[in-house]
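Student: Let me begin by handing over the structure; questions about it come next.
Every number in this text was worked out from the coordinates using simple rules, so none of it is lab data. Predicted, not measured: the structure shown is a model, and the values here were computed from it. Cβ placement follows ideal geometry from the backbone for every residue including glycine, while neighbour counts extend to all protein chains displayed.
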Amino acid sequence: MREAARRTALRLTSVAMALLLGGLSCETDLVEDPGFQFWCGTRLCEWRTEQGEIRRTSTWHENDYGVELVGAPVLLAQPFDRGTGRCSLVEAVTKIDPEAEVFVEIDEDDDGIPEWERQLESSEDFIARSWEAEVNVSGENIITLDPDSDPPPGTASIRKVGDGDAIIARIRISRECSDD
């Protein structure tokens, strides 16, 4: 009986440590559904199509879905809550024709002017790329008349201006720990 109680206590301690360590992660996603898996009919559930047309399509595997940006211009956007951190990791998995021009943008204060932007490279097959984006996603230095108010949300966007084919399998933006 005593051995069973000791094993149970050890299991509970292990679970508690796993939960504690899992909660200390330095990385937090800023956008929902980075893999474009959640569709509400013909539109994305988490991303807003602000301009143009999109459609669900297969990516590297027939059961892994992404978003095809149809024609041009196309603009997908998603607001994100700001938290702590000044550095974000932006990861993209894409297949883009050379004629298409597709950009990932971060508007840190949702004023319509992106503080960070990168053009996604063209490729004949799906490629993965990542960048560090030094933007103020923490809400610091935001002037407000109400000191108890939350900082305005930021916005992540995918913008297509060229007519070539473009499939986005993943756009992940996460806060990262810095060594400062």
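Student: Residues with amide H under 5 Å of PHE80's amide H, sequence separation 5 or more or different chain, H placed in the peptide plane at 1.01 Å from N; which?
Tutor: It is GLY154, THR155, ALA156, by chain and number.
Student: Could you calculate the contour length gain from TRP60 to ASP111, that is, 0.36 nm times the residue separation minus the distance between their Cα atoms, to one decimal place in nm?
Tutor: Result for the pair: 14.8 nm of gain on full extension.
Student: Now for a different question. Label TRP39 and VAL161 with points 7 Å out from Cα along Cα→Cβ: what is the distance between them in nm?
Tutor: My value for the distance between the label points is 2.9 nm.
Student: With r as the distance between the Cβ atoms of ARG118 and ASP29 and R0 = 22 Å, compute the FRET efficiency 1/(1 + (r/R0)^6) and round to 0.05.
Tutor: Efficiency, from the Cβ-Cβ distance: 0.75.
Student: On to the next question. Once you place label points 7 Å from the Cα toward the Cβ at GLU132 and GLU46, how far apart are they in nm?
Tutor: With each label placed 7 Å out from Cα toward Cβ, I get 2.5 nm.
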